[in-house]
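Quick note: the coordinates plus some simple rules give every number you see, no bench work behind them. Since we're looking at a predicted model, the values are computed, not measured. Positions of Cβ are generated from backbone atoms using ideal geometry, with glycine treated the same way; all protein chains shown enter the neighbour counts.
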């Protein structure tokens, strides 16, 4: 326990977690609070082309800017699906990946609560009943395909040799394209933190009735999880295993040495000036 606490106090580990927490908080607050055309139930009207365009451009631009902001402190994942994928492929240590996911989800919830405080009704839930006319499995398919594409672009844009400073812009453009194409079909979440956060923050509305529907919630989470696993396998084939691949297998098999704290310290975050995802 002592080594774990010491590891979390290490500058690079701490900055990485803060970067992911703050990045997802800002992403949820800004992108989740876009001013769009609403339907009669006060949800985004995803049959309206203006609404879809605002969501696509807003989400893509905000995400690109935030990746630029935190990429040298945390790697700029800002998405648990990306973190799961790069952990499976060995481009991030498994223990750091777990802490990253916790930071991302908590950051998203904080952002949704902040939105709830500053915007009437808070953040919109991803809810097929209000947002789209797709069936659950159609939603699953769209989310899985779009999230897979996003993760594969992240690998190609960031892993050495990557695309340098233009990498975050390419990732943001991918988000824009996916949201523009997929919002009318699934709402285009592409990020489990963006689904979990408003679901929790808006669980009970002002009238005391359930605001979000858990029945559709799991289609999103399952789609993002499947996309992360498939993308990780694809990355292993295309890019090869990352530097933590063997260590991650040892941890999963209970053969890690030195405990959690030592593992976190050995898995330093992205340093200033680095342009790859190996964290």
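Observations, loosely collected:
- Inter-probe distance in nm under a simple model that places probes 7 Å from Cα toward Cβ, at residue 181 and residue 65: 2.6
- Anisotropy class of the range 29-121 from Cα gyration tensor, a/c 1.5 cut: prolate
- Residues residue 250 and residue 37, FRET efficiency given R0 of 45 Å [Cβ-Cβ distance, rounded to 0.05]: 0.30
- Ordered by the count of other Cβ atoms within 10 Å of each Cβ, fewest first, 194, 96, 71 give 71, 96, 194.
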